[in-house]
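Here's the structure we're looking at; comments come further down.
Rule-based calculations on the coordinates, nothing more; no lab input. The structure displayed is predicted, hence computed values, not measured ones. A quick note on method: Cβ atoms are made from the backbone with ideal geometry, for glycine too, and the neighbour counts reach across all protein chains shown.
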Ligand SMILES: Cc1ncc(C[n+]2csc(CCOP(=O)(O)OP(=O)(O)O)c2C)c(N)n1
Ligand code: SF4
């Protein structure tokens, strides 16, 4: 009796993944102070806490500073094309429900070149966790305006400031059919960043976390008003949302009890401009996932292919003379 | 073959709005649409004009024309009808005015929904067909409908038969040759879809585009029955990326499109090449560039398929030349894609897509299917791009395989899939990805020659023109001319032995459905002439002075046209 038990225990110990098990042999090359570092840490912690087998976990990204994240994970990674992370992730998930799929995408990647895919990905509601690293600027290509840049932002392509109001990724997402999980986090409150990503991961469906991410290289002071003044951050708390530690609660007094089931309030809160809402804005566990809707009734086997092909061929076949079909009717 | 207008409901009686079917009958196997029509049935004189102007009718063509327009209440219509009839008769066509609607009215309240059966009945009589067989077909076609509908249609069929028998003195007999083995009759797009099922691919991601869509329609009907998915994505870029994602996750997937969609997919195709993900891309070519001629045939995408994306992106390009070939090409393409971890582009076109042709019913083989997704552990120390120095091949690591974790990237990368910063590594990667093409090329045999092994003129083609070119060669050889044909299935890479063939003929000329400059345009000379696509490839690869002939009329090239072109070319040689 005892031998199998020890073996069993040994195996559990053996298979326990530590933080290091999720760190690749490449060290991150983001700038010092870049918010992406904190996002990576949170994701690695999540993988450890959820004990995700690295070989069953896929990190998909587009192109941009933020899209370098998969290189720093010890897991399967897919660092593809600018704007196209979401359709690649959908293709991966479609026939492989056993894989845990994460997507890292920048504000240019997601809300500009990949905007069509972003809208449709929400509608498909495939089970994946999407981290929108929103630094409100193009980092990798060196400081051009992004569709989420605040109006008036001076950049290399808008030396006298941008002319247009930004796209609000939250309200936009909340307007799409089948939306099932929208949250917002900021890189400078790591505790909540982790919490929110964890809830996103645990939600079955398309979970989008917009993360306000600092880019000290190109916009070193952009988020200062919020980083320096906790009162301008509104924490959305709820028993179905995030709960605060005592310490956090003391620093961040601007709190609102927000039920993630309330889409109307979610839209209102998302529209705030002076304050940054942080928390779970919206969650609906009942939206079906596209991959489940499209799951075949029968698995694809050689026998089935043979049967179906023969049935189809029968519809189109002219038989030789001796065949009885002519005489039958 | 179908004649498809650009609009869903083109204005009635418009010249551009002609829609219809071309049928070629013979006692032996028909390989192409043939030359001009010997007999045509038209429901109004205007649509007929479009066929006359396109030179689609033989000089003494028999025309059976709906006659109700002669007495139309609108004087303009009646006048137009009368004028066209006079013109047609004057041009030598054998015009018969037929009261089709009037006759049908005796049986149905709305003759517009029945005169097709009447026309079919006339054809059965004219071509001495067995009326009982026709009745059977009608019963089969309407088997899911109310019995009354079947009966009504049979009555219309018989009415047409009787009317023709009583009023027309036209009779042909083309004896049927019954097949010795079962044949299936489908169009090229249906064949493609059947090929997809037979290939073992499980995901087809697409965005609707003419003339590729009908393949996806039929596939949508049958794919779920074998537990697979047709995903209509938000656009072609997403469709291609979706297929790449599915392929990366274990089994080769496909995307199917036409010219404009191929252009959009190019960046993703490049990613698949760079990261060595197997992918099958089917391009049902239509007229281009831009939106071009959506419903018309053209072979304009060869270079887009080969070189369409940026950078050096070697991929395999093959072309289906018959409807049967559409079926088997998909199976072959999937196999090659997964063996070499490459992108395989299969080119078909609008004429293959809608034309029907019988071919032997395929016998399913499990060999066609893909093996199950490999989830075994990767040996420790193995590297995701451990390129074989001789063949360039590397093993594919699939998510789920323990020890295989790596970050695939579209950036230049080393054997560990790490982003390459070392100048040698980009060279290494490009070299090995290119070597795979050579490794595959070694498996190819030069295409067999049609006609003789050497001679005066060699006609070279690819894709749907095969039947027409070979029929032209047969006619020319019957005239005693030393003409042969060679037809390419693989355009990239090309098989060994082709150069040798080119040298065995005094003149080599490609026949293609894409553009080449003509010397009768004053500005065109030997230094600036643009050649058809295949000619350009052959010239640059083999340094042989290959000539070319091409047209972009949106119609399949006719065997008679090719024969004339070949005769002219040989006259030029003398
Ligand atoms: C088709 C294409 N267009 C443009 C680029 C250049 N490009 C790379 S990243 C990028 C924008 C990066 O901004 P964002 O997505 O916000 O990510 P960040 O670098 O800020 O994390 C651009 C325009 C590209 N790689 N591919
Ligand atoms: S440029 Fe900005 S976003 Fe990119 S790594 Fe540096 S700090 Fe981060």
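Computed values, structure above
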{"item": "Rounded Å value of the spacing that divides the Cα centres of region B:236-262 and region B:207-223", "result": "14"}
{"item": "Kirkwood Rh, angstrom, region B:113-194 [1 / mean 1/r, Cα pairs]", "result": "14.3"}
{"item": "Region B:69-136-region A:204-271 distance, computed between alpha-carbon centres (Å)", "result": "75"}
{"item": "Whole-number percent relative contact order across chain A, with pairs defined as alpha carbons under 8 Å at least 6 apart", "result": "14"}
{"item": "Sequence ranges B:312-319, B:106-113, B:142-149, ranked by mean other-Cβ count within 10 angstrom, highest first", "result": "B:312-319, B:106-113, B:142-149"}
{"item": "Inverse mean reciprocal Cα-Cα distance (Kirkwood Rh) of region B:184-360, Å", "result": "15.4"}
{"item": "Extended-chain gain in nm, criterion 0.36 nm per residue less alpha-carbon gap, residue B:403 and residue B:312", "result": "29.7 nm"}
{"item": "Per-residue mean of C-beta atoms belonging to partner chains within 10 Å, peptide A:291-304", "result": "4"}
{"item": "Global form of region A:218-320, assessed from the alpha-carbon gyration tensor, a/c cut-off 1.5", "result": "prolate"}
{"item": "Share, in percent, of DSSP beta bridges within chain B that are antiparallel, nearest 5", "result": "20"}
{"item": "Shape box of the protein assembly as shown [Cα atoms, principal axes, largest first, Å]", "result": "102, 76, 66"}
{"item": "Tail fraction, Cα-Cα pairs, region B:277-406, threshold 26 Å, whole percent", "result": "39"}
{"item": "Region B:449-573: C-alpha pair distances exceeding 20 Å, %", "result": "39"}
{"item": "Region B:200-277: relative contact order in percent, alpha carbon pairs under 8 Å with at least 6 residues between", "result": "41"}
{"item": "DSSP-defined beta bridges in the protein assembly as shown - what % are antiparallel, rounded to 5", "result": "20"}
{"item": "q = 0.17, 0.25, 0.32, 0.34 Å⁻¹: log10 I(q)/I(0) that the Debye formula gives for region B:160-202, counting C-alpha atoms only", "result": "-0.73, -0.90, -1.07, -1.12"}
{"item": "For the protein assembly as shown, calculated [θ]222 nm from helices alone, where every DSSP H run of n ≥ 4 adds -39500 (n - 2.57)", "result": "-11000 deg cm²/dmol"}
{"item": "Diffusion constant of region B:91-134 at 37 °C, which comes from Stokes-Einstein with the Kirkwood Cα-pair radius and 0.692 mPa s, µm²/s", "result": "280"}
{"item": "Tilt relative to chain B, helix B:188-199 - C-alpha long axis, 0 to 90 degrees, to 10", "result": "40"}
{"item": "Descending semi-axes in whole angstrom, ellipsoid equivalent of region B:369-410, from the Cα gyration tensor", "result": "17, 15, 11"}
{"item": "In nm, spacing of pseudo-spin labels at residue A:18 and residue B:130 (7 Å Cα→C-beta vector)", "result": "8.3"}
{"item": "Inverse of mean 1/r across different Cα pairs in region B:375-442, Kirkwood, Å", "result": "12.7"}
{"item": "Relative contact order (%) - region B:2-167, alpha-carbon pairs under 8 angstrom, separation at least six", "result": "16"}
{"item": "Alpha-carbon Rg with Dmax, taken over chain A, Å", "result": "24.0, 90"}
{"item": "Equivalent ellipsoid, region A:13-164 (semi-axes from 5 times Cα gyration tensor eigenvalues, Å)", "result": "29, 19, 11"}
{"item": "Calculated on alpha-carbon atoms, Rg and Dmax of region B:2-167 in Å", "result": "16.4, 48"}
{"item": "Isotropic mean projected area of the C-alpha convex hull, region B:108-263 (nm²)", "result": "13.6"}
{"item": "Ordering of A:134-145, A:200-211 by burial proxy (mean other Cβ atoms within 10 Å per residue, highest first)", "result": "A:200-211, A:134-145"}
{"item": "For region B:238-313, projected area of the alpha-carbon convex hull averaged over all directions, nm²", "result": "4.7"}
{"item": "Cβ neighbours within 10 Å from other chains - mean over B:360-372", "result": "3"}
{"item": "Inter-chain shielding of B:389-400 (mean C-beta neighbours from other protein chains, 10 Å cut-off)", "result": "2"}
{"item": "Pairwise centroid distance, computed over Cα atoms, of region B:480-548 with region A:128-167, Å", "result": "52"}
{"item": "Scattering profile of chain B at q = 0.08, 0.09, 0.10 Å⁻¹ [log10 I(q)/I(0), Debye over alpha-carbon scatterers]", "result": "-0.63, -0.78, -0.94"}
{"item": "Alpha-carbon gyration tensor eigenvalues x 5, square-rooted, for region B:407-521, Å", "result": "42, 16, 12"}
{"item": "Estimated translational D of region A:151-193 in µm²/s (Stokes, Kirkwood radius over Cα pairs; 37 °C; 0.692 mPa s)", "result": "250"}
{"item": "Per-peptide average of other Cβ atoms within 10 Å, ordering A:221-233, B:331-343 highest first", "result": "B:331-343, A:221-233"}
